[in-house]
Amino acid sequence: MIIQNKLIPNDRLEVLQVSHTIIRRTLTGLSIVLGVVAGIILLSSLHAAFRSKMDLDHLYIYTYPERATLEEVVNSMRNTRIADAKSGLVEVPAGQAAKYRGEFLLKHGVRAAMMVASPPTFTLTTYKNSVISQVKRFAHGDFGMIYLQRAGPKEFAKTLGDYLGIMLRASMKYYLPGLLTGVAVGYMLAVAGAVLPWLGRVFDAVHSVLMGIPDFFIVVLLQLLGIYLVKWTGDQVFKILEYNTGTPFIIPFVTISVFPAVLVYGTMRLAIEREWEENYILTAYSKGIPYPRIITRHILRNTREDLFSVLPKTITVSMAAMVVAEGLCHIVGIGGYYINPKFAGVSSLPATCIILGGIALLLQLLIHLLRLRLTVRTKEAV
């Protein structure tokens, strides 16, 4: 029996390949999203797994030295002894720490009697129950609460949804401009340093310094600069803290811009130097093609892949800088509201982290689409 092989038509084969690529990338994207959400939930529930019990056999006793010493106080109590005189640790009969604490407080010269906490232990059952409870709350639309300071009984607690729009508008007002400005500045400085080598050496020195400066240090420096400018000029040049009159812009904007600029500059400087050693560039230079034209028409075109490879990292570092800036400037933004003095406490931090993760994933998806469209797959020859 002869079996005849039927070949798949080329047009149908292309459709199958495109469908396979779309399905694979969709599943990859969904797995990344689910992984981020699951990771945030697992980490946010980790604190519930650690339980600390009170040591019922010991107390910390602190005395007024001018009134009574620790030894005198302990000797006046039956069935007790000093376990560690330096820290004030006193041993009491087994299981009676609470009872003896009250008796010690009645003694003359005793300043404080405190219970002793035993080392925390990890409980897997408690951790599992906390994770399940968190997932159930999310499933029912409960994304956490924000508790206000100095508010009336009816206004004490607000849901995350009540503040989400306000916080997103405040954060995106300086986050997106700061990110785009940082990328553009880093890219232009790298090009300028390549066109003018002497200027590139200056930029390289500044780049080395900025690489070792933490983001909170930049925020503090800008706040100090704002204070000194007020003293020198008598006017508020830019806001350093959020008040009822408005939200600071310059400090978070500059803080967010610095680190993307540093990353993009360093990456593009190395990429341009690497590309400059390629044979087609040396050939073009030997033919008399002007140096600036080689950079703008050929090198930059062939280093787009390096630019797109560093952009995802700029999103994460700029988002971290935004959180620090909002926290230090007391801005009610999506990144730093949880340490804002206006709020007594929050239980919406896991949902906030998921929102920030979603924003980062959307920006990285946009970068990926631009990368597919603009990246040069085959280097251009001269």
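A few notes on this one:
- Within the range 285-294, being surrounded by fewer than 19 Cβ atoms within 10 Å (Cβ to Cβ) and in contact with a helix residue (DSSP H, G or I) (Cβ under 8 Å, 6 or more places away or on another chain) holds for 285, 291, 292.
- For the range 39-88, a tally of residues being of a type outside the set (Lys, Arg) and assigned to a loop (DSSP other than H, G, I, E, B) returns 14.
- Qualifying residue in the range 72-83 (condition: in contact (Cβ under 8 Å) with a residue 24 or more places away in the chain, surrounded by fewer than 13 Cβ atoms within 10 Å (Cβ to Cβ) and not aliphatic (A, V, I, L, M)): no
- Complete set of residues in the range 32-54 that are in contact with a strand residue (DSSP E or B) (Cβ under 7 Å, 6 or more places away or on another chain) and surrounded by fewer than 17 Cβ atoms within 10 Å (Cβ to Cβ): 50, 51, 52, 54
- Single residue of the range 340-366 satisfying the filter (touching a residue at least 24 places away in the same chain (Cβ under 8 Å) and not in a helix (DSSP H, G or I)) that is surrounded by the fewest Cβ atoms within 10 Å (Cβ to Cβ): 341
- Neighbours by Cβ (under 7 Å, 6+ apart or cross-chain): first from the range 164-176, closer than 13 Å to residue 320 by Cα; second outside any helix (DSSP H, G or I): 171/333; 171/334; 171/335
- Count of the range 104-151 residues which are assigned to a helix (DSSP H, G or I) and under 30 Å from residue 89 (Cα atoms): 2
- Meets criteria (in a loop (DSSP other than H, G, I, E, B) and among the small types (Gly, Ala, Ser)) for residue 335: yes
- Here residue 248 clears all of (1) surrounded by 21 or more Cβ atoms within 10 Å (Cβ to Cβ); (2) assigned to a helix (DSSP H, G or I) except the condition numbered (2).
Readers should treat all values here as calculations from the given coordinates under stated rules, not as data from a laboratory. On a predicted model such as this, the values are computed, not experimentally measured, just so you know. We place every Cβ from the backbone using ideal geometry, glycine too, and count neighbours over all the protein chains shown.
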